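Nothing in this text is a laboratory measurement; each read-out follows from the coordinates by a stated rule. No experiment lies behind these values; they were computed from the predicted model shown. Note that we place each Cβ from the backbone using ideal geometry, even for glycine, and neighbour counts take in every protein chain shown.
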Amino acid sequence: MSIIFSGIQPSGNLTLGNYLGALRNFSKIQDGNECYYCVVNQHAITVPQDPQLLHERTRKLAAIYLASGLDPEKSTLFVQSEVPEHALLGWMMITLSYVGELERMTQYKDKASKRGDSIPAGLLTYPPLMAADILLYQTNFVPVGDDQKQHMEITRNLAQRFNRFYGEVFTIPDIYLGQDGTRVMSLQEPTKKMSKSDDNTTATIYLLDEPKAIEKKIKRAQTDSENSVHYDKENKPGISNLIEIFSALTDQTHEQVEAAYAGKGYGAFKKDVADAIISTLEPIQQRYRQLVGDPELDAILDKGAAKAHAKASVTYEKAAKAMGLYRK
Ligand code: TYM
C-alpha cells in the first residue's frame with residue numbers, strides 16, 4: 001500500500017488536460033492505496049481571485065473530483081485552507097528554500113512575466129507550499145501532469161534538505177505520470193499546453209463543455225495539410241495531440257490509432273476524437289450536476305478535512321519539534 005497525494009487549483013474551469021493528466025488517474029489508484037486529494041485554494045490565491053468566484057469554484061471542484069470517480073469511502077477529499085498545517089509547514093518550507101531555485105521555476109517565470117512590476121510574492125513561494133502539501137502526508141506517489149515535474153523535483157530537494165539538517169522526518173515522494181495525456185496541448189497552438197487560463201476558449205476543452213461545443217472545437221483544431229493520421233510530435237504537433245488524446249481515452253497505442261485511420265483523413269478521425277471525448281465526459285457531467293447542489297458534499301468535505309488534519313498534524317508536530325519550534 002502506498003500513500004498518494006494530489007491537488008488541483010480551483011482557479012478556473014477544469015480542462016481535458018486536467019482530466020487526462022491528473023484526475024482520471026486519481027480514481028484509478030484509489031483501490032489499495034491511502035489517498036488524499038485536495039482542492040488547493042491557497043495556491044489559487046497566489047494570483048488575485050474574486051472571493052465569491054473562488055468560493056464557488058472550490059465547491060465545484062470538489063464535486064468534479066467525486067463525479068470523476070473518487071469514492072469518499074476510499075479517498076480523503078478536502079479543502080487545503082481547512083487543514084491549517086498546510087500553511088504552517090508551508091512557511092517552514094519557505095525558510096528552507098533558496099530564492100535562486102524558486103526563481104528558476106519555469107511556471108514562476110511564465111506567470112511572473114505577465115505581471116509587470118507587481119509580481120505577488122506568493123507566486124515565488126508557490127513550490128514550498130506545494131512541498132508542504134505533499135510532505136505532510138508522508139506521500140509516496142504524486143499523480144500529476146508533466147508540467148509539475150519541476151515542482152516535484154524541488155519538493156524532493158526540500159524534503160531531503162530538511163531531513164539532512166534536522167533529522168529524518170519526511171518520506172521522499174515520487175512523481176506518478178500516466179501514459180498518454182500527461183501533457184495535453186492547446187487545440188489552437190499545439191506547441192503550448194492546454195490551460196484553464198487560456199483566453200482563447202476555442203483552444204481548450206472544458207470538462208463541462210456541451211457536446212456541440214466539443215464537436216466544434218475538435219473540428220476546428222489546428223492540424224496540417226497532409227491529411228494523414230500519423231504521430232510526429234515535432235512536425236505534426238496538432239494531429240499528434242489529437243492522437244494522444246484519442247489514445248488516452250480509448251486505451252490504444254499510437255500505432256493502433258494510426259493503423260485504424262490509415263487512408264481515412266482528418267475529418268473522420270476528428271469526428272471519432274470528439275465522440276470519444278463526449279462519451280467520457282457526459283457521465284461525469286451528469287454526476288457533477290447531481291452532486292454540486294447536494295448538502296452531502298459538505299459532509300464529505302468536513303469529514304475529509306478532519307481525516308486529513310489527523311494525519312497532517314502528526315507530521316507537522318514532528319517537523320516543528322525537529323526545527324525547534326516548541327516550548328515544552
Ligand atoms: P493545476 O490546478 O494547474 O493542474 C491540476 C493538474 O492537472 C495537470 N494538468 C495537465 N495535465 C496534462 N495536460 C495539461 N494540459 C495539463 N494542465 C494541467 C497538472 O499537471 C496537475 O496535475 N501545482 C499544482 C497544484 C498543486 C499540487 C499540490 C499538485 C498544489 N499542491 C500537491 C500535486 C500535489 C497545479 O498547478 O495544478
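Per-structure values
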quantity	calculated
Candidates 259, 308, 131, ranked by Gaussian network fluctuation over the chain, Cα under 10 Å, top entry	259
Length added when fully stretched, residue 233-residue 54, from 0.36 nm per residue minus Cα-Cα	60.8 nm
Angle between the chain longest axis and helix 51-67 axis [Cα atoms, degrees, rounded to 10]	70 degrees
Net charge of neighbours whose Cβ lies under 12 Å from the Cβ of residue 124, counting Lys and Arg as +1 and Asp and Glu as -1	+2
Mean residue ellipticity (222 nm) of the chain, computed from DSSP H runs ≥ 4 via -39,500 (n - 2.57), nearest 500	-16000 deg cm²/dmol
Stretchable slack from residue 262 to residue 220, in nm (0.36 nm times residue separation minus alpha-carbon distance)	13.0 nm
11 Å beta-carbon shell around residue 38, net charge (K/R +1, D/E -1)	-2
Ascending count of other beta-carbon atoms within 10 Å, so fewest first, for 244, 82, 210	210, 82, 244
Anchor residue 193: aspartates and glutamates whose Cα lies under 12 Å away (excluding residues fewer than 8 positions away in-chain)	146, 147
Degrees, to the nearest 10: 296-323 long Cα axis against longest axis of the chain	50 degrees
Ordering of 161-169, 14-22 by packing [mean C-beta count within 10 Å, highest first]	14-22, 161-169
Straight-distance crosslink candidates among lysines, where the alpha carbon sits under 22 Å from residue 196 and sequence neighbours closer than 8 are dropped	60, 109, 111, 114, 149, 212, 216, 217, 219
Most fluctuating residue given options 28, 303, 270, as computed from a GNM of the chain linking Cα atoms under 10 Å	28
Per-peptide average of other Cβ atoms within 10 Å, ordering 70-80, 100-110 highest first	70-80, 100-110
Segment 39-69 and segment 140-171: distance between their alpha carbon centers, rounded to Å	24 Å
Highest-fluctuation residue, 135, 242, 96 considered, GNM on the chain with Cα pairs under 10 Å	96
Net length gained if the chain between residue 107 and residue 172 were fully extended (0.36 nm per residue, minus Cα distance)	21.2 nm
Cβ crowding within 10 Å averaged over residues, with 114-127, 30-43 ranked highest first	30-43, 114-127
